Protein chains: 2
Amino acid sequence: MASENAFSDGCAWVEGEYVPISEARVPILDTGFVRSDLTYDVAAVWRGRFFRLDDHLDRLWRGCERLRMTPPATREEVRAIMIETVRRSGLQDAYVEVVVTRGVPGAGERDPRRLTPRLYAYAIPYVWLVNPDMQDQGGADIIVARTTRRIPPGAVDPTVKNFHWGDLVRGLYEAYDRGAWLPVLTDGDGLVTEGPGFNVFALVDGALKTPERGVLLGITRKTAMEIAESLDVPVHVGDLPVSDLYRAEEIFLTSTAGGVMPVASLDGVPVGDSKVGSLTSRIRDRYWDLHSDPALSFAVDYGEASDRVGTASVRSTV
Amino acid sequence: MASENAFSDGCAWVEGEYVPISEARVPILDTGFVRSDLTYDVAAVWRGRFFRLDDHLDRLWRGCERLRMTPPATREEVRAIMIETVRRSGLQDAYVEVVVTRGVPGAGERDPRRLTPRLYAYAIPYVWLVNPDMQDQGGADIIVARTTRRIPPGAVDPTVKNFHWGDLVRGLYEAYDRGAWLPVLTDGDGLVTEGPGFNVFALVDGALKTPERGVLLGITRKTAMEIAESLDVPVHVGDLPVSDLYRAEEIFLTSTAGGVMPVASLDGVPVGDSKVGSLTSRIRDRYWDLHSDPALSFAVDYGEASDRVGTASVRSTV
């Protein structure tokens, strides 16, 4: 039976209006499209609760500052818009994205300083980079990409979350070509960086290692580190040589889109016994438990729209 | 007096329809937006004539192949759409862009192989990276960027024209901060690459030098090389060390958005006598003359839409 809620496949906030996700459009001349000149963030809603939303907003604001963009809405307004997209969709498990672009130039305008940033947001059903069944059965088969290296931080700062995915998509095709599910990219100098949408952790000699440089400072990465520390497992944030990855006892990937995701094999060779490692398993379980912790999450009120969330209260970005 | 032509500010072809540029929108979930997973090209119309359109289409098709995307229309259809956007706009001098994106995923879909590419095109008034007055008065003040390096070809192939402009925009802000107009980026190892939307040429020891690696294979670059050869000026395509740029007698930039553009100063120091160099001047004049050459250009028929250009003849990409 078809849902009567037009937003049940997702709800977007674009150009000052809430619209069904299938109708959500971005101006073709927005430099967010024609220059990928933007930053964004994604927060998750799980069982009706937003997880670490303030951490995501902190990162978005820092990204805008680094790009020298002034967001076209206040932090409280952006927060309210994100919640409202979820409320309207009715989604209990959602992937909630917010994008700030440099804006739409007038005729002949090439100077990014003269543009007014725009804000877009949407909630869609929760996204899994590695689906739960695959996670339960040991995790993803991954490769170290040979055809492509990660864009270096001296070119594009990976701590400012961005859509420069050319290298990541090329790596993804290589993974498929080699019969795997996901690639991990190096920095071109023998160090692991990250993959399409996730950070990487390796359990090596009893300690968890994760790259420090050339990667997004993931919120799920941060959560996994906090959990590991609470379990008295040492965490080393620094260089992660590819050679360490090959001798890791356990490997897992972290992302808001899928959580703490076990790795079953690397370049066709099983990691550990190719079942979910015991440390990975403990961190993963704890990660999902935290989604109901009031210190890190809050419930979405799916009732009527509250007064403070009206479209009119947010100045238009049209 | 307002124009009665709704397309006079520009005409776009999106989702199977011709629309005024101000109404042209792209689905927010198109991976062309949320992954910058696309290639594109830009051809110019000058005084009612398309210049080297087939070269641009060759490059677009090659880019799609490299990205493993099948364009959703034939080459003849894309050609007809580009011409029709210009015809409807009535623009005599136009910047005509065509974009092929990976497409819009269904719910939960993360596999780029399962998407159907989409096509977008638009014609807007001709764009100048360096406006004609500035060109006449000696050209642009440029810098060699120190804050950012160009994305390396091992990460993202610059010969597949793309919107990964994070490094280029960062360089642009540095240029503004240093009182200049445009930046040139290095490869991080002392070699010149390119700048935001243009290739670089330097006249050094009586020969023109332009970088071979890490750059777009520009159509204007190609045209400038052909002109130089016709003038018996040797052209060396290879490494262009930054040190050569500092001792160049003349420097010019090439782009479909502005043509052959003189450089007046580098890092605040005049290039030559800071007037337009004589070789630059000759190449620039010849470049514009070629826009009326029937071997490289053809006239747009601004009359009624021809039968072959109807929307219905191109299968919808919706």
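The values are calculated or read from the model by the stated rules, or taken from the named source; none is laboratory data. Just so it is clear, the model here is predicted, and its values are computed rather than measured. Counting neighbours? That spans all protein chains shown, and the Cβs are built from the backbone with ideal geometry, glycine included. For the accessible areas, the whole protein counts, side chains as well, though only heavy atoms, and no ligand, DNA or RNA atoms are used. Shrake-Rupley method; radii C 1.70, N 1.55, O 1.52, S 1.80 Å.
Would the stretch A:47-63 turn up any residue that is over 21 Å from the mean Cα position of the chain (by Cα) and within 14 Å of another protein chain (Cβ to nearest Cβ)? Full working, then the answer.
Step one: of the stretch A:47-63, the residues over 21 Å from the mean Cα position of the chain (by Cα) are none.
No, because not a single residue in the stretch A:47-63 is over 21 Å from the mean Cα position of the chain (by Cα) and within 14 Å of another protein chain (Cβ to nearest Cβ).
Taking first residues from the stretch B:3-22 that are under 13 Å from residue B:90 (Cβ atoms) and facing chain A (nearest Cβ under 9 Å) and partners that are surrounded by fewer than 20 Cβ atoms within 10 Å (Cβ to Cβ) and charged (D, E, K, R), the Cβ contacts under 6 Å between residues at least 6 apart in sequence or on separate chains come to B:21/B:9.
Checked against (1) more than 11 Å from chain B (Cβ to nearest Cβ); (2) over 30 Å from residue B:214 (Cα atoms); (3) open to solvent by less than 30 Å² (accessible area, probe 1.4 Å), residue A:258 passes all but a single condition, namely (1). All of (1) more than 20 Å from the chain's Cα centre (by Cα); (2) buried (at least 21 other Cβ atoms within 10 Å of the Cβ) hold for residue B:139 with one exception: (1).
Mind checking whether some residue in the stretch B:60-67 is at pLDDT below 95 and either not in a helix (DSSP H, G or I) or not acidic (Asp, Glu) (or both)?
Taking every residue of the stretch B:60-67 in turn, none turns out to be at pLDDT below 95 and either not in a helix (DSSP H, G or I) or not acidic (Asp, Glu) (or both).
For the stretch B:149-169, the tally of residues that are touching a strand residue (DSSP E or B) at 6+ places or on another chain (Cβ under 8 Å) and at the interface with another protein chain (Cβ under 7 Å from one of its Cβ atoms) stands at 4.
Only one of the numbered conditions (1) open to solvent by 10 Å² or more (accessible area, probe 1.4 Å); (2) at positive phi is violated by residue B:176, and that is (2).
Only one entry in A:159, A:220 is surrounded by 15 or more Cβ atoms within 10 Å (Cβ to Cβ), polar (S, T, N, Q), within 25 Å of residue A:288 (Cα to Cα) and touching a Leu at 6+ places or on another chain (Cβ under 6 Å), namely A:159. The residues of the stretch B:84-131 that are more than 12 Å from chain A (Cβ to nearest Cβ) and open to solvent by 30 Å² or more (accessible area, probe 1.4 Å), listed by number, are B:87, B:88, B:90, B:92, B:116.
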